[in-house]
Amino acid sequence: MAEERIQRRLAAIVSADMVGYSRLMEADEAGTLAGLRAVRTELIDPKIAEYRGRIVKTTGDGMLIEFASVTDAVQSCVEVQQALSAHNADIPHDRRIQFRIGINLGEIIIEGDDIYGTGVNVAARLEPLAETGGIVISGSVYDQIRSIMSLRCEDMGEQSVKNISTPVRCFAVRAGGESEDEPVVDQPIATAKSDKPTIAVLPFENISGDTEQEHFADGMTEDIMTALSKNRWLLVSARNSTFAYKGQSVDIRRVGQELNANFVLEGSVRKAGNRVRITAQLIDASDGNHLWAERFDRDLTDIFEVQDEITAMIAARIEPELGAAQRERVQLKTTNKLDAWETYHLALSLMYQYTKDSNAEAQRYFQQAIEIDPDFGPAHAGLAYTMFLSAVYFGSEATEELLDTALKEAETAIALDDRDAMSYFVLGRIHLIRREYDLSISAMRTAVDLNACLATAYCGLGDSLSYSGRVAEAIPQFEEAIRLSPHDPRKWAFLLYGSLALMLLERYDEAVDWAAKAIAVPNATFWPHAQLVAVYSYAGRSDEAHTAAENLLRKEPEFSANQFAHQFLFYHEDPSQIDRYSQVLCAAGLPE
């Protein structure tokens, strides 16, 4: 009997997923299920039926829907998101039922009532790219609606998505931005507030004379755009806008004006034999001044591996430079005229001084930013982190009340934007000080997954692994943090906690080297000095330990060995480490 022919057809496929489902279920299982049921019955299912859609299947927190018409699919989803937004207006952020939606146009395979195929897979991969309450469509959908629907779409460029070999062109649909007078336009990749800084990544120039390197240079540019767009505080100019300058000799200040960009990244690729040299420089578009520049020389044993490595390093090294430039600008403004975003960056500049007084002042500014804009997630994360720093570094008692408040702020930040890697980093730090090791490690891994170029997330993951007893797994995380961001304002912490992990592995000489490097970082606290005393003592280098102890007391005259040991190793899984650490500090001549 002849094999039955596979049934196929072209369709618009919608993949929708509820945001924060597991968190909501854990907090209130019955209430969450009742709320989801009501939202579906009253808002979602009727709208799908109105636009002739078919719900193929549902999971606990997701839906797969098929439409015969692309415009019906998009319009239905836009109206669903608008209705959900209105429904959630009076509901607390941590209890809202919200969805992300991905829409693709592609061929599907029909098997009974179910559908399969790459068209379905692409829709499922687009959904996680959407912001909370947002919609992301594929280029095939965009091409169909651009001349029919008056929606605002933001060009996200080509996105590499899991298990799909070819990058997918994506657009973010502004569900609340319908206007008869406003056509579809290219906007920056990121979808955050317009007061955030914008960076334009110009096409990297191929100066090797080898036309085959043109694709490599363009791919490098696009990958850097994608990597930078994962920094939720930064807008990235659309690919179409920046590639219009390809092959031109341009005035950076003019580019900044034309693209409304604060910063411009440009670079070049030169291949010679089996070696490639990549240069990159970050420029302030307002005055043309160079903020950062670096050169990378690599063997081309695997061209894609080199491209991935350099992309990650450039993105990671730009982030702290942009942040520092932004904070310097804010400090020149009159304090009482700052908005939430500027107040947040003023708080960051104070927090990174790592003193008790500056941390307390940073906490006040984070609270002020929240008062200006209660929905500004990064301010909630910053407030939680200053509470963590107070409890760990600056002598505040790690009371249950303080830790509960910090945890609530971190969770609020994630409820407001659950794709912000920094918020998960902060959540992981709070879980760690509560000795919730598995939760801490999970949050840190999420931070790394969301932004693989965020150096501090690797440090946080290493710290969580180290304190939970998985020390050998921690060392590569600290090494990656330093490799990605060697000039990071938190570098002293990368080195300090790496030194502690090496000490726990009894690799004392390496631990000494890391602690000594931590001391050399300008904004380091006295903590690395104390760690240097300890590792000298563990290594049996008593004379050097005594000298380091004298230097420590000059920096921190009120130092107490027992108090510091309890602070530094407070959340270590093995309490006996605290007593031993205190004893070696005292043996070096430090007061008990």
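The values are calculated or read from the model by the stated rules, or taken from the named source; none is laboratory data. What you see is a predicted model; the values in this text were computed from it and never measured. When we count neighbours, we look across all protein chains shown, and the Cβ atoms used for this are built from the backbone with ideal geometry, even at glycine. With ligands, DNA and RNA removed, areas are computed over all heavy atoms of the protein, side chains included. Shrake-Rupley method; radii C 1.70, N 1.55, O 1.52, S 1.80 Å.
Before moving on, here are some points about what is shown:
- DSSP H segments from the chain that extend 30 Å or more along their own axis, Cα-based, with Kyte-Doolittle mean of 1.6 or above: none
- Sorted from longest to shortest, the spans of the Cα atoms of the stretch 379-515 along the three principal axes equal 42, 32, 26 Å.
- Rounded to the nearest 20 debye, dipole of the chain from Cβ charges on Lys, Arg, Asp, Glu: 580 debye
- Of all accessible heavy-atom area on the chain, the percent that carbon and sulfur account for (1.4 Å): 46 percent
- Cα→Cβ-extended label distance, 7 Å offset, between SER22 and ASP72, nm: 3.6 nm
- Once the Cα gyration tensor of the stretch 440-533 is diagonalised, semi-axes √(5λ) in Å: 20, 16, 10
- Highest-first arrangement of 576-583, 57-64, where packing means the average Cβ count within 10 Å: 576-583, 57-64
- Annotation for the stretch 383-473: GluC sites (Glu not before Pro) lying in DSSP loop with at most 16 further Cβ atoms inside 10 Å of their Cβ are GLU397.
- Only Cα pairs under 8 Å and 6+ residues apart enter the sum, and on that basis the relative contact order of the stretch 442-552 stands at 18 percent.
- Once the Kirkwood radius over Cα pairs is known for the stretch 236-301, the Stokes-Einstein relation at 37 °C and 0.692 mPa s delivers a diffusion coefficient of 250 µm²/s.
- The residue among TYR116, VAL471, GLN144 whose Cα reaches farthest toward the positive pole of the charge dipole of the chain, with charges on the beta-carbon of Lys, Arg, Asp and Glu, is GLN144.
- For the chain, the fraction of C-alpha pairs more than 48 angstrom apart is 17%.
- Rounded to the nearest 500, the helix-only mean residue ellipticity at 222 nm of the chain stands at -16000 deg cm²/dmol, with each DSSP H run of n ≥ 4 adding -39,500 (n - 2.57).
- Only Lys, Arg (+1) and Asp, Glu (-1) charged, at Cβ; the stretch 372-435 dipole about Cα centre in debye: 300 debye
- Antiparallel content of DSSP bridges confined to the chain, in %, to 5: 85 percent
- Calculated over the stretch 1-160: convex hull of Cα atoms, volume per residue (Å³): 140 Å³
- Additional length obtainable on full extension of the chain from ARG435 to SER150, 0.36 nm per residue less Cα span: 97.4 nm
- Within the stretch 414-502, trypsin sites (Lys or Arg not before Pro) in DSSP loop having at most 15 other beta-carbon neighbours inside 10 Å: ARG435, ARG470
- Entries of LYS230/LYS555; LYS47/LYS230; LYS408/LYS491; LYS356/LYS491; LYS246/LYS271 with Cα pairs more than 29 Å apart: LYS230/LYS555; LYS47/LYS230
- Counting only protein heavy atoms and a 1.4 Å probe, the stretch 535-584 has 52 square angstrom of accessible area per residue.
- Cleavage-rule hits, GluC sites (Glu not before Pro), the stretch 1-68, DSSP coil, Cβ neighbours within 10 Å at most 10: GLU3, GLU4
- Taking the C-alpha atoms of the stretch 346-455, convex hull volume expressed per residue in Å³: 93 Å³
- Unit charges at the beta carbon, dipole of the stretch 551-592: most positive-side option, PHE568, ALA587, PRO557: PRO557
- Test item: Cα-centred dipole of the stretch 1-140, Lys/Arg +1 and Asp/Glu -1 on Cβ, debye: 220 debye
- Per residue convex hull volume, Cα atoms of the stretch 67-129, in Å³: 104 Å³
- Computed label-point distance, nm, for sites ASP509 and ILE303 using a 7 Å Cα→Cβ extension: 4.3 nm
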